[in-house]
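A short worksheet on the structure shown next.
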Amino acid sequence: MRKKIVAGNWKMNKTLAEARALTAEVIQLAKAELSGQASLILCTPFLYLHEVNSLLVGTGIAVGAQNCSEHDSGAYTGEVSAIMIQSLNVPYVILGHSERRQYFLEGGALLAKKVDKVLAAGLTPIFCCGEPLEIREQGTHEALVKKQVEESLFHLGEDAIRRVVIAYEPVWAIGTGKTATSQQAQDMHAVIRQHLAGKYGKPTAETISILYGGSVKPDNAKELFAMPDVDGGLVGGASLKARDFIEIAKGI
Ligand code: PEP
């Protein structure tokens with residue numbers, strides 16, 4: 001069975017004290033109200049990874065980074081490598097988030113290198129793909145998302161692709177309050193899975209968790225997660241409130 005995952009992407013939010021408080025509240029609510037249906041991941045700013053990871057020891061909740069460098073080490077001021085992340089025992093790294101693609105001009109070839117670095121460090125990439133509004137309106141959204149997956153993942157062998165988590169995040173739904181309908185999400189997740197099956201075979205494609213992201217909230221999570229190819233969510237805004245994050249996780 002595929003792993004069910006609810007990952008929170010805190011983006012560039014919270015002070016250290018707020019990060020500690022949010023983590024403590026997530027731990028307390030998860031312990032009281034969840035029974036391990038989903039793997040929970042908190043993707044914090046780099047600065048807080050070590051601290052949040054220490055707070056999470058023994059809880060079953062994991063921590064993740066939101067990006068990493070395509071290099072291992074060296075004169076790259078301000079960058080953080082997969083090896084450095086691995087040295088903190090942080091198991092997950094989000095790659096290719098639409099905000100990285102849009103504001104930092106990250107493209108498919110660069111992301112392929114980052115995917116390689118994350119896998120080489122023994123970590124799990126949460127690889128994001130998704131179309132902007134104009135592409136959906138043109139009707140070329142499936143072609144674009146397939147291309148994003150091909151460009152950054154299709155160089156991987158079968159063992160490596162099985163270690164990747166994919167997050168489909170339509171750009172028009174991120175931070176806008178506009179969620180894809182559960183059918184729109186399912187349709188794209190099925191397209192991604194079929195594309196993976198075409199390259200790697202159905203048994204491999206069936207092992208890969210594909211998360212949906214884009215204004216997931218407590219009141220729409222259950223319906224989205226009920227779709228057969230939606231294996232959980234990547235949650236932005238709602239992950240900044242422990243109560244909302246836990247209610248979303250209950251939707252699995
Ligand atoms: C995200 O940033 O990955 C995201 C899905 O954001 P939001 O849930 O706020 O739309």
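Assuming GLY130 fulfils every condition listed in (1) more than 16 Å from the ligand (Cβ to nearest atom); (2) touching a Pro at 6+ places or on another chain (Cβ under 6 Å) apart from one, which condition is it?
(1)
Can you work out which of the residues in segment 225-244 that are surrounded by 24 or more Cβ atoms within 10 Å (Cβ to Cβ) and part of a helix (DSSP H, G or I) is nearest to the ligand (Cβ to nearest atom)?
Once the filter is applied, the top-ranked residue is SER239.
Scanning for something more than 18 Å from the chain's Cα centre (by Cα), of a type in the set (A, V, I, L, M, F, W, C) and within 14 Å of the ligand (Cβ to nearest atom), does segment 164-183 turn up at least one residue?
no
Would you mind stating whether LEU56 is more than 16 Å from the ligand (Cβ to nearest atom), closer than 18 Å to ILE5 by Cα and either among the basic types (Lys, Arg) or more than 17 Å from the chain's Cα centre (by Cα) (or both)?
yes
Show the residue pairs that are 6+ apart or on different chains and have beta-carbon atoms under 6 Å apart, the first residue being within segment 199-224 and more than 14 Å from VAL165 (Cβ to Cβ) and open to solvent by less than 10 Å² (accessible area, probe 1.4 Å), the second being more than 9 Å from the ligand (Cβ to nearest atom) and among the hydroxyl-bearing types (Ser, Thr, Tyr).
Pairs found: LEU224/SER182.
Of everything in segment 72-94, what is closer than 12 Å to PRO125 by Cβ and away from the ligand (no atom under 16 Å from the Cβ)? Give them in sequence order.
ALA82, ILE85, PRO91
From the list ILE192, ILE252, exactly one residue is on the phi < 0 side of the Ramachandran plot, of a type outside the set (Phe, Trp, Tyr) and open to solvent by less than 20 Å² (accessible area, probe 1.4 Å). Which is it?
Step by step, each of ILE192, ILE252 is checked, and only ILE192 is on the phi < 0 side of the Ramachandran plot, of a type outside the set (Phe, Trp, Tyr) and open to solvent by less than 20 Å² (accessible area, probe 1.4 Å).
When segment 147-181 is examined, which residues are found to be touching a helix residue (DSSP H, G or I) at 6+ places or on another chain (Cβ under 6 Å), in a loop (DSSP other than H, G, I, E, B) and hydroxyl-bearing (Ser, Thr, Tyr)?
THR179
The values are calculated or read from the model by the stated rules, or taken from the named source; none is laboratory data. No experiment lies behind these values; they were computed from the predicted model shown. Reconstructed Cβ throughout: ideal geometry from the backbone, glycine too, with neighbour counts over all protein chains shown. Heavy atoms of the whole protein, side chains included, go into the accessibility calculation; ligands, DNA and RNA do not. Shrake-Rupley method; radii C 1.70, N 1.55, O 1.52, S 1.80 Å.
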